[in-house]
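Shown next, in structure tokens, is the structure this report addresses.
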Amino acid sequence: MNYNIQYLRAVAAIATVAFHVIVTSYNYGYDYPNFFNLKQWGKYGVDLFFVISGYIIVYIQDKSNKNISLFLKNRFLRIIPTYYFLTTFYIFLIVFFPNLIKWSSNFELNSTILESYLFYSTWFENSPLVFVGWSIEYEIYFYLIFSISILLKNFVKEYYFTLIIIIILFLIFDLQLFVLEFCLGILVFILTKKYKINKSISFLIFLLGVIIFVINIKKVEELDRLFRYGVPSFLIILGSINLREYRLNFFKLLGDASYSIYLIQVFTVSFVFKVISFFSVKGYDFVFFSLNVIFTVIVGLIFYIIFEKKILKFKYLNTTKHKNKELN
């Protein structure tokens, strides 16, 4: 996997953590300022994730040529065990330590649990228990659509079929525009497979994407997030593919752990604010903002190492075993 993509995954995860730290501060009587415009572009780190996902899934399938069963097994092993574990832990906290969780009585807990485990909260415009899981639900739908394309790969390339189906579903069900960000990721793959973009042009594309993403341009505020953040994410990833790769082990680890960091923030961000509130600490906003982000990243890394990494090792062994069977 391209190291630059791994680093971008880390940036996207940490950006969403920074956004949620700022937003959550209001719930605890604080009013953290919008440090370095993080509230704006951190909120849309998930758009970067969607484009990356569209690219990675097609890239991996093009390299490995998995059948549908192995593809789904690997994808679900990548996503579901970690997600289910943290969802179950959330339920445990609600039942046994309800004061630790800001639970809204407007939701029916039993139905929310079912929606969370079966990944259909967004169908009813609800939020799953692990609230950032709304984006995971869209990931699951993308995997299912792509898996169907594997069945038809003898007739049409998987990535072309997936593009067509997502666009058809978008038109029929009047879906939100950001679902097309998966298509932008697929487009990155198609372009980089067919054309070799030199490093100078790649850098300019990458730089343009970063500038558009992080600068809050007043004149385009009314545009949908697809255009404000999805398109620049497309440019960032397209440009980064052919940039020189530097192996920076710690940042690669952050990229590997980005899924754990992204999910664990549901627990850690509020925990830090509860500690700060208990000691009635006021002021030093940037210090405590930074500590919250760093604490979340550290806990996410620990969780990745002791839990998610073991699941990924099992996935790797499962894939290797399947390949050996095919060779025999």
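Observations
- Within region 190-249, being closer than 26 Å to Glu158 by Cβ, touching a helix residue (DSSP H, G or I) at 6+ places or on another chain (Cβ under 6 Å) and hydrophobic (A, V, I, L, M, F, W, C) holds for Ile205, Leu226, Phe234, Leu235, Ile236, Ile237, Leu238, Ile241.
- Contact map, region 83-107: first residue within 19 Å of Val269 (Cβ to Cβ), second residue surrounded by 15 or more Cβ atoms within 10 Å (Cβ to Cβ) and at pLDDT below 65, Cβ cut-off under 9 Å, separation 6 or more or different chains; pairs are Ile94/Trp103.
- Listing of helices (runs of 4 or more DSSP H) fully contained in region 228-328 that carry 1 or more residues being buried (at least 17 other Cβ atoms within 10 Å of the Cβ), at pLDDT 90 or above and not small (Gly, Ala, Ser): 231-241, 249-256, 258-278, 285-303
- Residue identified as within 28 Å of Leu238 (Cβ to Cβ), modelled with pLDDT of 95 or more and of a type in the set (Phe, Trp, Tyr) among Tyr195, Tyr117, Tyr143: Tyr143
- Filter result for the condition that a residue is over 17 Å from the mean Cα position of the chain (by Cα) and either closer than 15 Å to Ile136 by Cα or among the basic types (Lys, Arg) (or both), over Phe92, Phe50, Phe85: Phe85
- Verdict on Ile165 being open to solvent by less than 80 Å² (accessible area, probe 1.4 Å) and at pLDDT 95 or above: yes
- Residue match in region 157-164 (condition: in contact with a helix residue (DSSP H, G or I) (Cβ under 7 Å, 6 or more places away or on another chain) and of a type in the set (A, V, I, L, M)): yes
The values are calculated or read from the model by the stated rules, or taken from the named source; none is laboratory data. Values in this document were obtained by computation on a predicted structure and should not be read as measured data. Cβ atoms come from the backbone with ideal geometry, glycine included; neighbour counts cover every protein chain shown. Accessible surface areas use protein heavy atoms only, side chains included; no ligands, DNA or RNA. Shrake-Rupley method; radii C 1.70, N 1.55, O 1.52, S 1.80 Å.
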